[in-house]
Amino acid sequence: MGRDNYEGDKYSHACPFARIMENGFAVRLVQFGIRTLNTHQVEQSDKFNVEIHQMKNLDLNRIPKFDNPLYISLDMDGFDPAFAPGVSHHEPGGLTSRQVINLIQIINLIQSIDSEIIGADIVEYNPNRDFQNMTAFLAAKMMKEILSKMI
């Protein structure tokens, strides 16, 4: 879920979902591939009723249906560092590129025929830590997959 504040800053890169949820900019937040949660993050998730699908028991066959409109935010450090070394926070045990492609495709398949993905972003790419542009190419591939579901 993220934090209420990070190092005293409520508008830090670690806090956007708290601001989104507390201001009612989204009615539902679902997160996939979470590997670590501290006590504060659990409290935040409970406070905003965030649905978390942790890596330790991730089952892509149990992906929930989403109401319209749908916005996808893909955090590159959700990938295992073997697939995305160009991030600031390496945490082993993350998502594979195939799992994320499948997730994007599954989300689109379980939506109704009139579903609408209204936007997307890709965050947490750090080119200073990338190796042979692996993460840049992966991010481009993921955006292509998302955009193909939007058109």
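A few comments on the model shown:
- Checking each residue in region 116-151 for being assigned to a helix (DSSP H, G or I) and of a type in the set (A, V, I, L, M) picks out MET134, ALA136, LEU138, ALA139, ALA140, MET142, MET143, ILE146, LEU147, MET150.
- Residue that is farthest from MET142 (Cα to Cα), among those in region 54-88 that are open to solvent by 60 Å² or more (accessible area, probe 1.4 Å) and part of a strand (DSSP E or B): TYR71
- One residue from ARG28, ARG19, ARG3, ARG98 being in a helix (DSSP H, G or I) and open to solvent by 60 Å² or more (accessible area, probe 1.4 Å): ARG98
The values are calculated or read from the model by the stated rules, or taken from the named source; none is laboratory data. Because the structure is predicted, anything quoted here is derived from the model rather than measured. Surface areas here come from the heavy atoms of the whole protein model, side chains and all, with no ligands, DNA or RNA. Shrake-Rupley method; radii C 1.70, N 1.55, O 1.52, S 1.80 Å.
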